[in-house]
1. With the requirement that a residue be in contact (Cβ under 8 Å) with a residue 12 or more places away in the chain and surrounded by fewer than 17 Cβ atoms within 10 Å (Cβ to Cβ), what does region 30-52 give you?
2. Hey, any hits in region 165-188 for a residue that's of a type outside the set (D, E, K, R), under 23 Å from TYR222 (Cα atoms) and within 16 Å of ligand 1 (Cβ to nearest atom)?
3. Can you confirm whether SER78 is under 16 Å from ASP158 (Cβ atoms), surrounded by 13 or more Cβ atoms within 10 Å (Cβ to Cβ) and away from ligand 1 (no atom under 16 Å from the Cβ)?
4. Look at MET207 and say whether it is surrounded by fewer than 19 Cβ atoms within 10 Å (Cβ to Cβ) and of a type outside the set (Asp, Glu).
5. Being closer than 20 Å to MET187 by Cα and β-branched (Val, Ile, Thr) is the filter; apply it to region 212-255 and report the residue that is nearest to ligand 1 (Cβ to nearest atom).
6. I'd like to know if region 87-101 contains one or more residues that are assigned by TED's automatic domain parsing to the domain that holds LEU215, aromatic (Phe, Trp, Tyr), within 16 Å of ligand 1 (Cβ to nearest atom) and part of a loop (DSSP other than H, G, I, E, B).
7. What pairs come up if the first residue lies in region 182-198 and is within 15 Å of LEU161 (Cα to Cα), the second is in a helix (DSSP H, G or I) and within 14 Å of ligand 1 (Cβ to nearest atom), and their beta carbons are under 7 Å apart, counting only those six or more places apart or on different chains?
8. Among strands (runs of 3 or more DSSP E) lying entirely in region 124-231, which contain 3 or more residues that are under 30 Å from GLU111 (Cβ atoms) and either more than 16 Å from ligand 2 (Cβ to nearest atom) or at pLDDT 95 or above (or both)?
Amino acid sequence: MASIEISKVTKQFGSLQILKGIDLQIQSGEFLVLVGPSGCGKSTLLRTLAGLEKSDEGELKIDGKVINDVEPQSRSISMVFQNYALYPHMDVFSNIAFGLKLLNKPKHEIEHRVNGIANLLQISHLLDRKPKELSGGQRQRVALGRALARQNPVVLFDEPLSNLDAHLRSQMRVEIKRLHQNMKSTMIYVTHDQMEATTMGDRIAVMKEGVIEQLGTPTEIYHSPKNVFIARFIGSPEMNFLEGPIVKKVPWPEAQKPDQLLGVRPEALKVSRGPLGPQEVEIGQMQIELSENLGGQQMLHGIIENQSVRLLADSLDKFSISEQVPLKIDLTKVHIFDKKSGLNQRL
Ligand SMILES: Nc1ncnc2c1ncn2[C@@H]1O[C@H](COP(=O)(O)OP(=O)(O)O)[C@@H](O)[C@H]1O
Ligand SMILES: [Mg+2]
């Protein structure tokens with residue numbers, strides 16, 4: 001078990017400021033997801049924590065102890081990389097056992113731990129194979145096994161599932177969560193995939209251009225995004241942003257100011273049929289352009305006051321192309337953002 005404290009950490013490569021004063025505190029045993037677009041500095045932050053890069057300024061602490069000058073191998077940190085980085089000439093058993101051998105653990109303990117972790121990852125039948133005889137998903141499991149076998153109190157993951165197909169990704173997501181529940185290590189998981197972030201994180205740190213823009217539980221980030229960037233980045237299908245007179249239909253003082261955006265997720269926008277609920281407001285007529293069948297739901301694409309919108313409806317509801325339908329919003333689920341600053345006006 002280990003808590004992590006990152007204070008005012010900066011890092012520059014050449015003339016580029018990559019980390020601009022990162023503050024982040026992670027509780028012992030937490031699963032924190034660091035999410036952000038490619039190039040925002042996620043790997044740099046993780047590598048700095050692991051000791052593979054040196055920060056220019058700021059402090060890194062594990063369990064209250066400053067580790068800035070501690071060698072990587074003495075930081076009690078394991079790391080899993082996107083590209084697996086297995087030893088090609090060693091079989092799966094030796095790959096997983098490698099770190100334990102370096103620690104001079106007795107043979108029976110190494111066998112016990114490797115077998116335990118292989119069992120957990122369902123790769124026990126592969127222990128005598130070489131990496132080239134494995135599929136991508138199996139290799140990634142071995143890489144996870146190698147990192148987890150050392151039982152370090154901190155485990156860092158840098159986009160470990162990016163090279164896997166969608167089906168394996170969703171399966172491994174659940175397995176990593178299950179491993180976390182069994183192992184109780186403190187884990188930081190880096191991804192650019194907002195779906196991985198919200199499904200896996202106890203808390204999520206959303207990063208942009210070397211700055212952590214918002215830190216919170218997946219529910220907080222989804223329902224109370226601090227600004228337009230976060231509202232757009234987290235959630236799929238993406239939030240609709242509407243401007244112009246339509247914004248003023250929202251009966252809040254913030255919505256009456258000039259240059260505001262109405263942010264409404266596709267599931268909070270509904271075709272208005274029958275009487276309105278107490279928190280519902282009609283916002284105008286949408287012309288339907290097309291419908292995508294998603295199975296249980298359909299995504300309706302349409303135009304309202306010359307602006308494109310998307311909304312989710314039951315797939316059994318009947319709509320026809322070019323039909324005009326009245327739209328309503330649920331006030332408990334919409335946001336007003338200032339167009340210029342991008343800030344959520346009601347937080
Ligand atoms: N060793 C390095 N030397 C120079 N620039 C680097 C180095 N490592 C990363 N960068 C740059 O720093 C920025 C952030 O990189 P990175 O942390 O890998 O982003 P992310 O993991 O969020 O995609 C990128 O613009 C990248 O090109
Ligand atoms: Mg990266």
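1. Within region 30-52, PRO37, SER38, LEU52 meet the criteria.
2. yes
3. Details: under 16 Å from ASP158 (Cβ atoms): yes; surrounded by 13 or more Cβ atoms within 10 Å (Cβ to Cβ): yes; away from ligand 1 (no atom under 16 Å from the Cβ): yes.
Criteria met by SER78.
4. Against the criterion (surrounded by fewer than 19 Cβ atoms within 10 Å (Cβ to Cβ) and of a type outside the set (Asp, Glu)), MET207 does not qualify.
5. ILE212
6. Narrowing region 87-101 to residues assigned by TED's automatic domain parsing to the domain that holds LEU215: 87-101.
When the remaining residues are screened for being aromatic (Phe, Trp, Tyr), the result is 87, 93, 98.
Filter once more, keeping what is within 16 Å of ligand 1 (Cβ to nearest atom): none.
The answer is no, given that none of the residues of region 87-101 is assigned by TED's automatic domain parsing to the domain that holds LEU215, aromatic (Phe, Trp, Tyr), within 16 Å of ligand 1 (Cβ to nearest atom) and part of a loop (DSSP other than H, G, I, E, B).
7. Qualifying pairs under 7 Å: ILE188/LEU46; VAL190/LYS42; VAL190/SER43; VAL190/LEU46; THR191/ALA197; GLN194/PHE233.
8. On the way: elements: 154-158, 186-191, 203-208, 211-216.
Passing ranges, in order: 154-158, 186-191.
The values are calculated or read from the model by the stated rules, or taken from the named source; none is laboratory data. No experiment lies behind these values; they were computed from the predicted model shown. Glycine also receives a Cβ, built like all others from the backbone with ideal geometry; neighbour counts cover every protein chain displayed.
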